[in-house]
């Protein structure tokens, strides 16, 4: 009897937790769609709720401001990009996958076109917490892929940042990722 009531109790709790997680995911997906359609500066919290097909109160239960939503969206994108990188067989394939993702992501493309100042803030080297979070995650991914030289990691990271503003054609992205990967694997040079 005790085991049955524990199961019911856990099941009920996880349903509520699952519903909150589904709402949050719907809101982040709605924010992606709204930004891809309207740009970052042209997207309101109401737009996000509408695209997510959730009540505005639900949106505000999760995110109190557009800035809070934007930060959560960036962190979610970091998680998605990390999973994509980790799913690849090696560092070069990871770079190719990330470059392609950045070059074809409709939200990123719209922001780069319509709101480049928003992306510029993300790419100010070492100047903000978001940049530090992204750079720290990429450094960790590079270490996992057996690339430990910080200069090489920095070069690869900066190349990826360039793909946000000026993505190469897919064949050129693949060639560039291969070159950056080869450079990253060179032993450090001491002058």
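Each row is one residue, and each column tells you yes or no for (1) farther than 17 Å from residue 161 by Cβ; (2) crowded, with 18+ Cβ neighbours inside 10 Å; (3) more than 17 Å from the chain's Cα centre (by Cα); (4) not assigned by TED's automatic domain parsing to the domain that holds residue 21.
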| site | (1), (2), (3), (4) |
| --- | --- |
| 42 | yes, no, yes, no |
| 71 | yes, no, no, yes |
| 74 | no, no, no, yes |
| 120 | no, no, no, yes |
| 132 | no, no, no, yes |
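Number of residues in the stretch 89-118 that are surrounded by fewer than 16 Cβ atoms within 10 Å (Cβ to Cβ) and under 20 Å from residue 169 (Cβ atoms) equals 4. Does residue 31 satisfy being modelled with pLDDT of 95 or more and assigned to a helix (DSSP H, G or I)? Yes: the conditions hold for residue 31. Of the candidates 128, 80, 90, the single residue that is under 25 Å from residue 178 (Cα atoms), out of contact with any helix residue (DSSP H, G or I) (no Cβ under 6 Å at 6 or more places or on another chain) and free of Cβ contacts under 8 Å to residues at least 24 places away in the same chain is 80. Where helices (runs of 4 or more DSSP H) fall entirely within the stretch 89-191, those with at least 1 residues that are out of contact with any strand residue (DSSP E or B) (no Cβ under 7 Å at 6 or more places or on another chain) and at pLDDT below 90 are at 116-122, 129-144, 150-165, 170-185.
The values are calculated or read from the model by the stated rules, or taken from the named source; none is laboratory data. Since this is a predicted model, take the numbers as computed values, not measurements. Here Cβ is always computed from backbone atoms with ideal geometry, including for glycine, and neighbour counts include all displayed protein chains.
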